[in-house]
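I have placed the structure first, in the form of structure tokens, so that the comments after it can refer back to it.
The values are calculated or read from the model by the stated rules, or taken from the named source; none is laboratory data. Predicted, not measured: the structure shown is a model, and the values here were computed from it. Heads up, the Cβs are rebuilt from the backbone with ideal geometry, glycines too, and the neighbour counts pull from every protein chain shown.
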């Protein structure tokens, strides 16, 4: 029996929750594996029904730096108390003095993104720039502290290796059709917004608002399309609302909302708001093209979801996008002109999605993680036996 301690203290929204909801049930059903999960209080109810999983509700500070300090001081005691064999650290930060072998799950490309730092300076977001720099120092140290670091794509693993000088493994995140295609109906309000665009070319971008998803290039492309094809009605659907209080984190939406107005594309951009994960497939299938202009990604789950729904993809030309969706049509990440050209090209050719095998599996992801954990546990056990033999020999000699 192997005991895994999963530190998911940083999981509170977006991909962190997606990862938790997919990985923990598979750990629960894995033979000869027992799991302890450390989560924020509100998540305990979501996971406590799982068999063979002990959910620890821990008081986690709101500040990321305070949380990091809490993890360094308190987690080792918890790991010893439950007698875990291997620590699985999610959320980009490792425990410096882990009492057991540690696998670090690193999935934040912002620490290594020159584009992101440049973007923050351009926006005057100097506080966020400094905070990201500080967290980046600890993220880089974390790769050095961990026994093994795992990234969700080969592209990001290579980036981490160049950044840290340490070996980094890659294990693709998964996709679960049973969960994704779960709900049979879409909320009435969302259905009405989609039906109101009947006869329009419908574009979709799935993301909450943030800077690195580069909404602004997408908005400029929509404005160009209105000039280049004035007879072609189109709608861009966003799964967010451009209001600060409805946006995770500290990203400011005011400039993006103003850009929409200044470009004269207010009627062309439809803010659906957050869409429940199990209903997203209805939104994908109601649209004609999936577009993303992100300049930083580590895996890009929406590309996989778009492929699963048979939607053609136009994506910014970054390594993670090329790895995850080889049959997409690509454009320079900051070129609204190229993006507009690609959309027109795909529309005029009436391109359909090229069937692509969705070879991403959460079960395979968990199996590979457990294989690494088993190797680390075995190696640690051998070291403990060797240390015990040396101590015994010294005792006998004295």
Go through segment 115-152 and give me each residue that's surrounded by 14 or more Cβ atoms within 10 Å (Cβ to Cβ) and over 26 Å from residue 71 (Cα atoms).
115, 116, 117, 119, 120, 123, 125
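How many of the residues in segment 351-398 are under 30 Å from residue 27 (Cα atoms) and either at pLDDT 90 or above or assigned to a helix (DSSP H, G or I) (or both)?
26
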The one condition residue 159 fails out of (1) more than 28 Å from residue 365 (Cβ to Cβ); (2) within 18 Å of the chain's Cα centre (by Cα) is (1)
Please specify each residue of segment 89-116 satisfying the condition of being out of contact with any helix residue (DSSP H, G or I) (no Cβ under 6 Å at 6 or more places or on another chain) and over 20 Å from residue 10 (Cβ atoms).
114, 115
Please verify whether segment 156-167 includes one or more residues that are assigned to a loop (DSSP other than H, G, I, E, B), touching a strand residue (DSSP E or B) at 6+ places or on another chain (Cβ under 8 Å), in the same structural domain as residue 20 (by TED's automatic domain parsing) and touching a residue at least 60 places away in the same chain (Cβ under 8 Å).
no
Of the residues 197, 221, which is in contact (Cβ under 8 Å) with a residue 24 or more places away in the chain, within 30 Å of residue 335 (Cα to Cα) and touching a strand residue (DSSP E or B) at 6+ places or on another chain (Cβ under 6 Å)?
197
Is it fair to say residue 228 is in the same structural domain as residue 283 (by TED's automatic domain parsing) and in contact with a helix residue (DSSP H, G or I) (Cβ under 7 Å, 6 or more places away or on another chain)?
yes
If you check 174, 178, which single one turns out to be surrounded by fewer than 19 Cβ atoms within 10 Å (Cβ to Cβ) and closer than 30 Å to residue 281 by Cα?
178
Identify, by number, the condition in (1) in contact with a strand residue (DSSP E or B) (Cβ under 8 Å, 6 or more places away or on another chain); (2) crowded, with 16+ Cβ neighbours inside 10 Å; (3) more than 27 Å from residue 376 (Cβ to Cβ) that residue 44 doesn't meet.
(2)
Closer than 21 Å to residue 360 by Cβ, touching a strand residue (DSSP E or B) at 6+ places or on another chain (Cβ under 6 Å) and crowded, with 20+ Cβ neighbours inside 10 Å - does that describe any residue in segment 275-286?
no
Every residue in segment 198-224 that is on the phi < 0 side of the Ramachandran plot and over 30 Å from the mean Cα position of the chain (by Cα), please.
198, 200, 224
Restricting to segment 192-217, count the residues that are surrounded by fewer than 15 Cβ atoms within 10 Å (Cβ to Cβ) and either part of a helix (DSSP H, G or I) or not assigned by TED's automatic domain parsing to the domain that holds residue 249 (or both).
2
Given (1) under 17 Å from the mean Cα position of the chain (by Cα); (2) not assigned by TED's automatic domain parsing to the domain that holds residue 369, identify the lone condition not met by residue 189.
(1)
Can you say whether residue 261 is modelled with pLDDT under 95 and either under 30 Å from residue 349 (Cα atoms) or not in a loop (DSSP other than H, G, I, E, B) (or both), as far as the supplied structure shows?
no
Residue that is nearest to the chain's Cα centre (by Cα) [pool: residues in segment 235-258 that are assigned to a helix (DSSP H, G or I) and in contact (Cβ under 8 Å) with a residue 24 or more places away in the chain]:
246
Would you mind listing the helices (runs of 4 or more DSSP H) fully within segment 1-83 where at least 2 residues are more than 23 Å from residue 106 (Cα to Cα) and at pLDDT 90 or above?
64-82
For segment 290-311, give me the residue count where each residue is over 16 Å from the mean Cα position of the chain (by Cα) and more than 15 Å from residue 236 (Cβ to Cβ).
4
Residue 204 being at pLDDT 95 or above, within 26 Å of residue 20 (Cα to Cα) and in contact with a strand residue (DSSP E or B) (Cβ under 9 Å, 6 or more places away or on another chain)
yes
If I filter segment 307-323 down to residues being assigned to a helix (DSSP H, G or I) and at pLDDT below 95, which single residue comes out as surrounded by the most Cβ atoms within 10 Å (Cβ to Cβ)?
307
